[in-house]
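What follows is a set of notes on a single structure, which appears directly below.
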Amino acid sequence: MADHNRGPTPSPADAGEHIAPHTTGAFGTAELQEALPDTGSNNMNAKPQAPAGWVQATAYDYNSYSNDGGHEWDSNARVYEWNGDEGENNIGPEHPALEAELFGDPKNRARQGLDFSTIASIKLCQEGPTRVDPIANFKDAGLHPAMLRNVELAGYEVPTPIQRYCLPAIFLGHDVIGIAQTGSGKTGAYLIPILSKLMGKAKKLAAPRPNPATFQEGVDQPMRAEPLVVVVVPTRELAVQIFNEARKFCYRTMLRPCVVYGGGAARDQEQQLQKGCDVLIATPGRLVHFMEKPQVLTLRRVRYMVIDEADELLDDDWKEQLDKIMSGGEQEEGNLNYMLFSATFPKAARELAKTHLAETHVRLRVGRAGSSHGNIKQSIIYVDPSLKKQALIDLIKSLPPTRTIIFVNWKRTAEEVDDYLFNLGMPCTSMHADRNQREREAAMRGFRSGQWPILIATGVTARGIDVRNIMHVINFDLPSMDHGGIEEYTHRIGRTGRIGHRGLATSFYSDRDEPIASVLTRTLMETNQEVPDFLQSYVPEGASATNLKFEADSDFEDEGANAGTGGAAWGAGGDDADADAGGGDDVAAPGSAW
C-alpha cells in the first residue's frame with residue numbers, strides 16, 4: 001500500500017481551473033444527487049481539504065503485514081460445520097453468531113435494490129439447442145428448505161433474469177452458458193440451484209471427513225478433499241467473494257465450502273481442505289498446485305464444474321492450467337455438468353464450450369454481451385491529464401460522502417493517487433498486482449468495513465469486488481483499447497448499481513482516450529445516457545443510431561455464418577432469437593448449437 005508518511009503534498013500548480021469548459025453541468029445534477037444519500041455537499045471550487053462527513057483517515061500498520069501471526073487469511077473465514085447428528089430433515093441447528101456474521105444484523109440486512117425493475121425488464125434470449133421455462137419466484141423453484149431460508153436471509157426477494165432461467169436449467173441437469181451483465185446475479189444463478197440439488201444428497205455423495213465437533217489439529221488423521229463442486233475464477237478477490245457467497249448458501253447444511261488462491265498461505269489452505277471440502281472455489285494456479293498433490297485433493301467426485309468470468313480465463317497464459325483442470329477430474333462420463341458464465345463471450349470461450357459442454361446445453365444471454373444497464377448513471381468529463389488529481393478531489397467533494405472505487409491503469413498511478421488523497425485527509429486505501437496478498441485482503445476488509453471507504457485500484461481487481469453500497473465508480477484513467485477496452489470499462493462500472501441498486505460512474509476523458517471514443521459513445525447511447533459535447537462527433541447517423549453495432553456482435557454474426565445453420569449459432573440478438581422481457585414466454589428459433 002502507498003506509504004502515507006512520505007506521500008507528496010498538493011502543489012500550488014494544482015489549485016486553479018482544471019476541468020474543461022465542456023463539462024459544465026455534466027456532474028452534480030439533481031438526477032445524480034438523488035442516487036446518493038442526502039447528506040449535503042461541498043463547494044466544488046473550495047481549496048483541497050478533507051470534506052465533512054468522511055471518517056478519519058488512518059495509516060497502515062506495516063508490521064502486521066510482515067508478521068505471519070498478525071493477519072487472518074480470508075480463506076480461514078468461519079463456515080458452518082455440522083456432522084448431521086443434530087437437527088432434522090437434513091437441516092442443521094441455527095448458529096445465531098455465525099448467522100449474524102454471514103448475513104449481517106437482522107435489522108440492517110442487505111436487500112436487492114429499489115430499482116430492481118430496471119434489471120428485471122432486461123431482455124433475455126435463449127439461444128442454445130435446449131429451452132427451459134423460467135421460474136417466477138424462489139418459493140416456487142423447488143428449492144431445498146435450507147436453501148430457501150438462506151436465500152431469504154441473503155435478501156434475495158425476486159430472481160433476476162439470469163436466475164429465472166438458470167435455476168430450472170440446472171435443476172433439469174443441463175449444461176449452461178450464461179452471458180449476463182455484471183451485477184445481474186450470476187453467482188446466485190449457479191450457486192443456488194447447484195447447492196440446493198446437492199443438499200439432499202450430501203450424505204450419499206460427499207467424501208468421508210473428520211467430525212468437526214471432535215477434530216483436533218495434528219492429532220486426528222486429515223482427509224483428502226474430494227469436492228462435488230469446483231468454481232474456477234481468474235482473480236483472488238473474486239475467489240474470496242464467491243467463497244463468501246458459498247458460506248451463506250451452505251449455512252445449516254452438510255456442504256462445506258473452501259477457497260484456494262495464489263498469494264495466500266498454502267499450508268493454511270491445505271489444512272482447510274483436509275477438514276473436508278464439498279464446494280471449492282479456486283484460482284487456476286493454486287488449484288493445479290493442489291491437484292498435483294493427490295493426497296490432498298482429487299476431482300474424481302466433482303459433479304459441477306463452473307468457469308466464472310470465462311473470457312478472462314481464456315488468455316493464453318491460463319491455457320495449460322485450464323486444460324488440466326477441465327480434464328483432470330477422472331469423473332465417470334455423464335456425471336459432470338459444465339457451466340460457463342461471463343459478461344462477454346469471445347470466440348475462445350465459444351471454443352471451450354464446444355469442447356466440453358453437451359450439445360443439449362442451455363445458452364442464455366441477458367442483454368447484449370458486454371453491455372451495462374440503466375441503473376448506472378454514466379457521466380464522462382473532459383479533464384486535461386495534468387490536472388486529473390485536482391479534478392478528482394473536487395469531484396469527490398462535490399457529492400456527499402459515499403463508498404467509492406477509483407480505477408487507474410497503472411500501479412504507479414494507484415500509489416500516487418492514494419498518497420495524494422491521503423495527504424488531503426481522505427480515508428483511502430489502494431490495491432494492485434504488486435501488493436502482497438496480506439495487503440490486498442487488508443485493503444478489501446477496510447473497504448468493506450468503511451474504515452477506508454475510498455479504494456484506488458487497477459483493473460486487475462475489477463472483477464472481484466462485490467461490496468455492498470458502492471455508490472460511485474470513478475475512472476481516473478479510461479481503459480486503453482489494447483488492455484481491455486470497452487469490456488474493461490463495463491466490468492469497472494459494474495462494481496456499482498448491482499442487483500437493482502442505483503449507482504454513479506464518472507470517467508475522466510482526454511484526447512489520449514480518442515481510440516475508445518466511438519464505442520464509448522455507443523455504450524452511452526445504448527443505456528440512454530447523456531453524450532457530452534466533445535463526443536457528439538462519434539454519434540452514429542441514420543439507421544446506425546437506432547441499431548447500434550458493437551464489435552462483439554460481429555463475432556457472434558461471423559460464428560453464425562460459419563456454422564451454416566441458417567441462424568446465429570451464438571446469438572447476435574437478431575430476428576431468430578425471441579426474447580423474454582421479464583415476464584413473457586420465451587420462444588427461440590430452431591438451429592444447431594454449433
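Inter-part distance, the range 383-417 to the range 128-156, computed on C-alpha centroids, equals 41 Å.
For the set 204/293; 123/319; 377/397; 204/324, the pairs lying more than 22 angstrom apart at their alpha carbons are 204/293; 123/319; 204/324.
Pairs of Cα atoms nearer than 8 Å and 6+ residues apart set the relative contact order; for the range 333-452 it is 16 percent. Cβ-to-Cβ counts within 10 Å put 382, 251 in ascending order as 382, 251, the fewest first.
Among 444, 525, a tally of other beta-carbon atoms within 10 Å of each Cβ gives an order, fewest to most, of 525, 444. The ranking of 356, 483 by Cβ neighbour count inside 10 Å, starting from the fewest, reads 483, 356.
Restricting the calculation to alpha carbons of the range 146-276 gives Rg and Dmax of 15.8, 49 angstrom. Taking the DSSP bridge list for the range 192-312 and keeping only pairs wholly inside it, about 0 percent are antiparallel. Shape class for the range 204-316: prolate, because the ratio a/c of the largest to smallest gyration tensor axis (alpha-carbon atoms, square roots of eigenvalues) is 1.5 or more and a/b beats b/c.
Of the three principal axes defined by the Cα atoms of the range 222-279, the extents in descending order read 28, 25, 15 Å. When peptides 410-419, 340-349 are ranked by their average number of other Cβ atoms within 10 Å per residue, the highest-first order is 340-349, 410-419. Could you tell me which of rounded, prolate or oblate describes the range 345-475, using a ≥ b ≥ c as the square roots of the eigenvalues of the alpha-carbon gyration tensor, with rounded for a/c under 1.5 and, failing that, prolate when a/b is larger than b/c and oblate otherwise? Because a/c hits 1.5 or more and a/b exceeds b/c, the range 345-475 counts as prolate.
Counted residue by residue at 0.36 nm each, then reduced by the alpha carbon distance between them, the extension gain from residue 139 to residue 547 reaches 143.0 nm.
Spin-label model, residue 386 to residue 56: label points 7 Å out along the Cα-to-beta-carbon direction sit 3.9 nm apart.
Values quoted throughout were computed directly from the atomic coordinates according to the rules given, and no laboratory measurement underlies them. Note that the structure is a prediction, hence the values are computed from the model and not measured. Neighbour counts are summed over all protein chains in view; Cβ atoms, including those assigned to glycine, are modelled from backbone coordinates with ideal geometry.
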